[in-house]
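The values are calculated or read from the model by the stated rules, or taken from the named source; none is laboratory data. Keep in mind the model is a prediction, meaning the values are calculated, not measured. Cβ placement follows ideal geometry from the backbone for every residue including glycine, while neighbour counts extend to all protein chains displayed. The protein model used for the area step is the full one, side chains on, heavy atoms only, and it has no ligands, DNA or RNA in it. Shrake-Rupley method; radii C 1.70, N 1.55, O 1.52, S 1.80 Å.
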Amino acid sequence: MLLTKTNYLVFKECPQNAWVKIFRPEIYQSKQISDFDKMIMESGNQIDELARELFPGGILIEDRKDIHTTKKLVDKKEKIIYQPVFYTDKFEAIADMLVWNDNKNAYDIYEVKSTNSGKNKSKHIDEYKHDLAFQVNVLKELAVPINNTYIIRLNSEYVRQEKLDIKELLIIEDFTDEVMGIVDIVLDEMNSAYDSLKLENKPQGYCSCIRKGRSAHCISFDYLNPEIPEYSVHDIARIGNSKKKLSELIDRKIYSIFDVPSGFELSDIQRNQVDVAHSKKIIIDKEKLANFFSDIEYPISFLDYETFPSAIPRFVGYSPYNQIPFQFSLHILQSQDSELEHFEFLYIDKNNPDLAFINELKKYLPENGSIIVWNKTFESGINEKLSKRHEEHLSYMENVNSRIVDLEVPFTSQFYIHPEFSGKTSIKKILPALAPEFSHKVLNIQEGGTASDTWNKIVSGEFDEKGIKEKSKDLLEYCKLDTLAMFEIWKHCMKQLED
Ligand code: SF4
């Protein structure tokens with residue numbers, strides 16, 4: 001077995017997960033990689049290729065096992081090598097770029113990351129140091145002379161002008177001192193990871209995440225902890241922040257949410273969730289619910305945006321990972337007795353959709369009344385960015401944002417709790433419980449990540465005319481269901497208040 005750099009980094013995060021990755025790949029890969037995840041990986045590849053333009057004219061090692069070509073090139077001190085491959089008896093490393101430094105008579109290592117730069121990325125920084133130190137150790141063992149080590153990543157401050165400026169977009173950070181300071185420690189870690197991952201025996205006992213909330217669990221959790229039921233104590237709201245309580249439940253072997261004793265100390269929100277799970281009864285705080293809805297004014301607009309986060313800014317005014325708003329759906333209820341109206345917008349041209357998006361919004365969105373969205377931070381944030389890029393629309397966007405009401409709030413605040421919510425508040429969890437006749441499951445596109453990816457494929461020319469028509473229809477249906485869902489959830493809540 002050769003320990004790859006990736007497997008070492010996974011091991012460093014969690015030895016059990018690394019074991020599952022190597023010996024039970026079918027489990028590790030059982031959570032199908034979503035189209036959105038594939039798109040993120042694709043972005044990583046694009047950034048890799050872009051970074052090569054900082055050091056043009058290099059030779060690419062195309063085959064990820066081609067140690068022989070790598071060796072030949074390194075032996076003759078080839079100036080720039082992309083994706084060189086190195087094996088020792090125990091380890092395998094592929095660097096993103098090696099650049100020969102004539103002054104030092106040694107190679108500089110460049111590792112390209114698709115993350116944004118920024119001060120609060122300490123988790124990434126630690127991973128980058130270990131990533132580079134792994135490479136240094138492998139290259140040292142093979143007697144490849146090493147000088148400095150660098151990380152290349154996206155400059156979060158960069159704002160694109162007409163032409164993409166790669167030297168401004170990508171920043172090169174010198175990690176040499178930090179990396180050289182830990183190479184010996186990392187070598188010990190690499191050896192112990194290698195020794196541990198040679199063993200085919202499944203790790204015994206629960207994994208350490210047994211004492212962490214659901215959001216901390218990885219894909220291997222269910223496999224490593226088969227006694228833990230699907231709806232477990234890990235799903236209790238914010239239980240990850242109440243380590244003592246979760247540990248007590250685990251120590252007492254109380255795993256199912258249905259087994260939590262009535263006297264067990266929990267916060268009000270946690271207790272409500274557990275009680276609803278036990279009783280299977282709905283709890284509605286009518287006073288708070290009525291108070292929340294009393295602020296909503298006609299005409300009521302139900303609005304939802306679809307966006308694409310482009311790692312490499314595509315248009316003027318965009319920074320790395322800014323969301324491109326390409327679609328909206330809008331249902332409008334003018335008054336209590338009127339029919340529900342529907343308007344929609346989908347932009348599938350290759351150029352910047354910003355102005356078309358704003359103009360269509362201005363055309364259809366009523367000038368007054370409440371605007372209902374699900375998770376206000378998202379739509380408000382898109383509006384803020386739009387008005388930053390197009391200052392002439394600032395006051396319009398500020399007005400839109402001032403009228404936004406977040407329909408998720410009654411559920412996050414537990415004015416309404418349903419046993420089928422299972423402690424979650426996503427629209428996809430709330431809709432089937434309150435309006436079971438509607439479901440995202442019947443649609444070709446069922447979640448936002450796939451919508452993003454589908455739009456990207458359309459504008460990247462991956463479909464023929466027929467494909468574009470079909471995919472556009474799927475996008476329109478998906479977004480329309482989200483605003484219809486908000487209307488149905490709102491209608492359902494109003495009905496509860498009447499009864
Ligand atoms: S759930 Fe946590 S402890 Fe268990 S394998 Fe995953 S990361 Fe490791």
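Things worth noting here:
- Members of segment 217-248 that are open to solvent by 20 Å² or more (accessible area, probe 1.4 Å), within 14 Å of the ligand (Cβ to nearest atom) and farther than 23 Å from residue 414 by Cβ: 217, 218, 219, 222, 223, 226, 227
- Residues that are of a type outside the set (A, V, I, L, M, F, W, C) and closer than 13 Å to residue 235 by Cβ, drawn from segment 201-221: 212, 213, 214, 215, 217
- Residue in segment 172-189 that is open to solvent by 90 Å² or more (accessible area, probe 1.4 Å), within 28 Å of residue 21 (Cβ to Cβ) and either of a type in the set (Gly, Ala, Ser) or in contact with a Phe, Trp or Tyr (Cβ under 8 Å, 6 or more places away or on another chain) (or both) present: no
- Within segment 249-264, the set of residues being charged (D, E, K, R) and surrounded by 11 or more Cβ atoms within 10 Å (Cβ to Cβ) comprises 252, 259.
- Complete set of residues in segment 220-235 that are within 21 Å of residue 19 (Cβ to Cβ) and without any contact (Cβ under 8 Å) to a residue 12 or more places away in the chain: 222, 226
- Only one entry in 36, 23 is within 16 Å of the ligand (Cβ to nearest atom) and modelled with pLDDT under 95, namely 23.
- Restricting attention to segment 410-426 and to residues that are at negative phi and under 24 Å from the mean Cα position of the chain (by Cα), the residue that is most open to solvent (accessible area, probe 1.4 Å) turns out to be 424.
- Selection count, segment 133-169, where residues are open to solvent by less than 10 Å² (accessible area, probe 1.4 Å) and either of a type in the set (A, V, I, L, M) or under 12 Å from residue 110 (Cα atoms) (or both): 11
- Per-region count, segment 161-208, residues touching a residue at least 60 places away in the same chain (Cβ under 8 Å) and outside any loop (DSSP other than H, G, I, E, B): 14
- Boolean, residue 429 is open to solvent by 20 Å² or more (accessible area, probe 1.4 Å), more than 25 Å from residue 230 (Cα to Cα) and in the same structural domain as residue 351 (by TED's automatic domain parsing): no
- Per the listing 71, 113, 65, 38, the residue uniquely assigned to a strand (DSSP E or B) and under 22 Å from residue 4 (Cβ atoms) is 113.
- In segment 74-118, residue farthest from the chain's Cα centre (by Cα) [restricted to those that are open to solvent by less than 20 Å² (accessible area, probe 1.4 Å) and among the small types (Gly, Ala, Ser)]: 106
- Check on residue 450, touching a residue at least 24 places away in the same chain (Cβ under 8 Å) and open to solvent by less than 20 Å² (accessible area, probe 1.4 Å): no
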